[in-house]
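One structure is given here, and the rest of the page talks about it.
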Amino acid sequence: QVQLVESGGGLVQPGGSLRLSCAASGSIFSIYTMAWYRQAPGKQRELVARIGSGGDTNYDSSVKGRFTISRDNAKNTVYLQMNSLIPEDTAVYYCNANIRKVSNQPVYLYWGQGTQVTVSS
């Protein structure tokens, strides 16, 4: 079985920073694209940032220049460094990853359970 576990969420004041982590564990052959999504109350889940297996990245315009996505392939972990946080960043943040469990088997998308980020004074 494959699990994604997020950590690093919490309460932070406007202008502050947080670093989210998402570690994949279990039976893993290869991990391809990894991403962070967020869902605010009453809103749809939206893409925040994505990183390919080669390190190529893209960001939603609302976080570009403030958030940085990175990954450590040796640790099967993706990170989201969030700086200059604003109240509108308040949401549950989810990571996902496209994972192949066994060579020559299909790639499946896995999700973490989410971590709450609250930006408030």
Practice problem: Pull up the cross-link candidates among the aspartates and glutamates for K43, meaning alpha carbon to alpha carbon under 19 Å and not fewer than 8 places away within one chain. | Solution: D60, E88, D89
Exercise. Calculate, axis by axis, the spread of Cα positions in the range 46-121 along the three principal axes, and write the results as whole Å, longest axis first.
Key: 50, 24, 21
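Looking at the chain, send over the antiparallel percent of its DSSP beta bridges, to the nearest 5.
Values: 42 of 45 bridges.
Counting DSSP beta bridges with both partners in the chain, the antiparallel share is about 95 percent.
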Quiz item: Residues of the chain: accessible area per residue at 1.4 Å, in Å²?
Solution: 53
Quiz item: Given the options L109, L47, L80, which has the most mean-square fluctuation in a GNM of the chain, springs set between C-alpha atoms less than 10 angstrom apart?
Solution: L109
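Looking at the range 56-121, which trypsin sites (Lys or Arg not before Pro) are DSSP coil and have at most 13 other C-beta atoms within 10 Å of their C-beta?
On the way: sites: K64, R66, R71, K75, R100, K101; in loops: K64, R66, K101.
Qualifying residues, ordered by number: K64.
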Quiz item: Among the lysines, which fall within straight-line cross-link reach of K75, defined as a Cα-Cα distance under 24 Å, with same-chain neighbours fewer than 8 residues apart omitted?
Solution: K101
Self-check item: Dipole of the range 33-121 [Lys/Arg +1, Asp/Glu -1 at C-beta], most positive-end residue of L85, W111, G42
Solution: W111
Self-check item: Nearest-10 value in Å² for the accessible area of E6, using the 1.4 Å probe
Solution: 10
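Pull out the extension gain between S27 and S70, defined as 0.36 nm times the separation in residues minus the alpha carbon to alpha carbon distance; nm, one decimal. It would help to have the intermediate numbers written out before the result.
Details: separation 43, 0.36 × 43 = 15.48 nm, distance 2.21 nm.
Gain on stretching S27 to S70: 13.3 nm.
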Exercise. Report P(r) for the range 27-77: all Cα-Cα distances, bin width 5 Å, range 0 to the bin holding the largest distance, values in whole percent.
Key: 5, 19, 26, 20, 16, 10, 5, 0
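The values are calculated or read from the model by the stated rules, or taken from the named source; none is laboratory data. The structure displayed is predicted, hence computed values, not measured ones. Neighbour counts run over all protein chains shown; Cβ positions are idealised from the backbone, glycine included. We work out accessible area using only protein heavy atoms, side chains counted, and drop any ligands, DNA or RNA first. Shrake-Rupley method; radii C 1.70, N 1.55, O 1.52, S 1.80 Å.
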